[in-house]
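Chemist: Take this structure, written in structure tokens, and hold onto it; I'll ask about it next.
The values are calculated or read from the model by the stated rules, or taken from the named source; none is laboratory data. Keep in mind it's a predicted model, so treat the numbers as computed, not measured. Here Cβ is always computed from backbone atoms with ideal geometry, including for glycine, and neighbour counts include all displayed protein chains. With ligands, DNA and RNA removed, areas are computed over all heavy atoms of the protein, side chains included. Shrake-Rupley method; radii C 1.70, N 1.55, O 1.52, S 1.80 Å.
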Amino acid sequence: MSSAAAVRPKLRSIAAAAALLAPWTAMGESSTADDRIAVSADGSTLTGTNGGAGASLGWLHNFDAASLAGVAVEYQDLSTARWTFGSVNGALTRGPDDQRYSVYGEAHEGAGDDGPRAFRYAIESVGVIGTYFHRFSAQLEDREINVDDIHGNLPKVGLSYLWGPHAMTSASYSYSVSGNLGTRLTAVRVDEYNATVNLLAGGAFGQASPIVLGIGPIPNQLVEVAPGHRLTEGYVGMSKPMPHLRSEVTIVADYQDVSGTKRVTLTLNYIFHVGHTGTAM
């Protein structure tokens, strides 16, 4: 989802991995036009249930070093809930090398059910990232969420700093301003880039709706759909570029505790470069 600074693997699902590639253009450029196919699979455990699983398929196209677009489809199930959605996304970057701005947007639209009860799944976001002197990036984003009976707007501010060719730190804060999301969320992350493997680790804390975390509509008997859930999250992962196979593999383990309801997810992401392979991974 480019230079080492731009490698930021998707934590949730790889349908959204294509969408997450859009903001990466603010921190590094693709060298030329490129097509990528992203495939993912994940499995989860969830307190009091038999857990769940999911899969996704996405396509991302760089028109040039400063513009890209993608589409994807994803299926997820968790406990008694299941949902499917399609995604579209795009980004455009402008400005000189030492002061670049990327405008991006994404939309995820679909539906699902929790037993006999059907629900709509709709999440859209727009944002801008400014990158200065190839090291410091600032992000502003607004995300609108309408999933089941959870709805509202979730603005986010984020900062990232590339300390050198091998390390980057990031932090963000999200605060819901409408609806019943009830979210005040602080997140941090550290990335380490090496010649053969890239490592990542991070976490989040505060309060949030399960929908905001990508968990989906948890059955009400486990976590009531009300604002103010306490959240603790931690994750670790690694990505392995395989230039001889025109590919990259990412594995992420994610732990979330939402007011005592615990979820552990293992996600495998495979990206295949259909065309040009000059983009750094």
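Chemist: Quick check: pseudo-label points 7 Å beyond the Cα along Cα→Cβ at A122 and L245, how many nm apart are they?
Modeler: Placing both labels 7 Å along Cα→Cβ, they lie 4.0 nm apart.
Chemist: Assuming R0 = 25 Å, what is the FRET efficiency of T47 and V188, from their Cβ-Cβ distance, to the nearest 0.05?
Modeler: The pair T47/V188 has a calculated efficiency of 0.50.
Chemist: Find the Rg to Rh ratio for the stretch 150-212, where Rh is the Kirkwood radius over alpha-carbon pairs and Rg uses the same atoms.
Modeler: Result: Rg/Rh = 1.12.
Chemist: Once phi is turned into ³J(HN,Hα) by the Karplus curve 6.51 cos²θ - 1.76 cosθ + 1.60 with θ = phi - 60°, what whole-Hz value does each residue of the stretch 259-268 show in order, with x for glycine and proline?
Modeler: Computed from phi, the couplings for the stretch 259-268 are 6, x, 8, 10, 10, 10, 10, 10, 10, 10 Hz.
Chemist: Still on this structure, please answer the following. State the extension gain, in nm to one decimal, for the chain segment bounded by V73 and N180, taking 0.36 nm per residue of separation less the distance between their alpha-carbons.
Modeler: 35.8 nm
Chemist: How far, in nm, would the chain grow between A253 and A33 when pulled straight, counting 0.36 nm per residue and subtracting the alpha carbon separation?
Modeler: Length difference between fully extended and current span is 76.0 nm.
Chemist: What whole-number value in Å² describes the accessible area per residue of the stretch 60-198 for a 1.4 Å probe?
Modeler: Ligands and nucleic acids excluded, the figure is 46 Å² per residue.
Chemist: At a Förster radius of 41 Å, what calculated FRET efficiency corresponds to the Cβ-Cβ distance of A55 and D142, to the nearest 0.05?
Modeler: Step by step, r from the Cβ atoms, then E = 0.90.
Chemist: What is the spin-label model distance, in nm, from F63 to R230 if the labels are put 7 Å beyond Cα along the C-beta direction?
Modeler: Those two pseudo-labels are separated by 4.9 nm.
Chemist: So how much slack lies between T84 and D113, counting 0.36 nm per residue of separation and subtracting their Cα-Cα distance, in nm?
Modeler: My answer for the length gained is 9.5 nm.
Chemist: Moving on. Heavy atoms only, probe 1.4 Å: what % of the accessible area of the stretch 155-214 goes to carbon and sulfur, would you let me know?
Modeler: Answer for the stretch 155-214: carbon and sulfur cover 68 percent of the accessible area.
Chemist: Got a sec to turn the phi values of the stretch 177-182 into Karplus ³J(HN,Hα) couplings, 6.51 cos²θ - 1.76 cosθ + 1.60 with θ = phi - 60°, whole Hz, x for Gly and Pro?
Modeler: Taking θ as phi minus 60°, the curve returns 10, 7, x, 10, 5, x Hz for the stretch 177-182.
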